[in-house]
């Protein structure tokens with residue numbers, strides 16, 4: 001096949017692209033990693049991997065189009081295989097090498113982190129303090145989120161989130177508060193306690209994102225389907241979806257992709273046959 005015919009075939013294929021749109025990849029929810037602890041170790045609060053109390057939380061990843069794995073410890077090599085990391089309430093000092101790996105993954109490799117803290121502890125500060133999020137101690141309180149930022153996708157459609165106990169956050173730049181308790185006098189003395197915050201440790205088209213929450217029990221089975229607890233997790237996963245690293249091609253795009261591959265193969269064979277003649 002001569003060069004003119006190849007060019008004509010390529011032009012024809014390009015003209016057909018609008019008919020098989022979308023050809024470009026849709027970026028979709030990819031792979032999440034959740035830290036857990038069991039008898040063999042771990043520095044977060046519960047066995048989120050196998051405990052029957054957390055089955056709804058685990059199942060929700062698949063329902064939202066995500067794959068999920070579990071680990072007791074992390075390093076940068078492991079983190080680079082995942083789009084999102086869930087650190088649900090550290091209950092002891094975070095190993096320095098693991099804290100550094102998480103920070104580097106978020107800042108340099110655009111990782112997406114959900115981190116929680118409660119039970120009157122501040123271990124999560126080892127990861128979040130440099131981004132303007134610190135947990136206040138003592139901060140062990142009954143809690144609810146009943147006021148949220150109106151223009152943030154994490155809080156879209158949310159009017160009430162509730163768990164058991166929580167840790168209030170002190171939030172400063174570059175982080176921003178996006179969820180508060182304002183039920184003054186109901187359980188506590190001061191209103192406007194921040195229990196939900198977000199920060200972009202990096203900037204640009206593909207930023208790292210951190211969502212910090214002063215509680216993890218809102219995703220335990222007995223609370224998961226109450227109020228807007230599940231929706232909060234759904235919103236986070238949906239938002240992270242936009243920045244994941246795994247492309248998903250629409251099935252209608254596959255013929256166009258195959259056509260380009262066929263043209264490329266024909267052109268290579270044509271050049272090869274001419275070279276041997």
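Brief remarks on what is shown
- Total residues in the stretch 218-231, condition buried (at least 23 other Cβ atoms within 10 Å of the Cβ) and touching a residue at least 60 places away in the same chain (Cβ under 8 Å): 2
- Residue count, the stretch 50-88 (criterion: surrounded by fewer than 19 Cβ atoms within 10 Å (Cβ to Cβ) and under 16 Å from residue 110 (Cα atoms)): 6
- Some residue of the stretch 135-147 being at pLDDT below 95, over 26 Å from residue 57 (Cα atoms), touching a strand residue (DSSP E or B) at 6+ places or on another chain (Cβ under 8 Å) and assigned by TED's automatic domain parsing to the domain that holds residue 239: yes
- Among the residues of the stretch 106-130, the ones that are buried (at least 23 other Cβ atoms within 10 Å of the Cβ), touching a helix residue (DSSP H, G or I) at 6+ places or on another chain (Cβ under 7 Å) and in a helix (DSSP H, G or I) come to 1 in all.
- Which numbered condition residue 173 fails, given (1) more than 22 Å from residue 220 (Cβ to Cβ); (2) touching a strand residue (DSSP E or B) at 6+ places or on another chain (Cβ under 6 Å); (3) at pLDDT 80 or above: (2)
The values are calculated or read from the model by the stated rules, or taken from the named source; none is laboratory data. None of these values were measured; they are calculated from a predicted model. We place every Cβ from the backbone using ideal geometry, glycine too, and count neighbours over all the protein chains shown.
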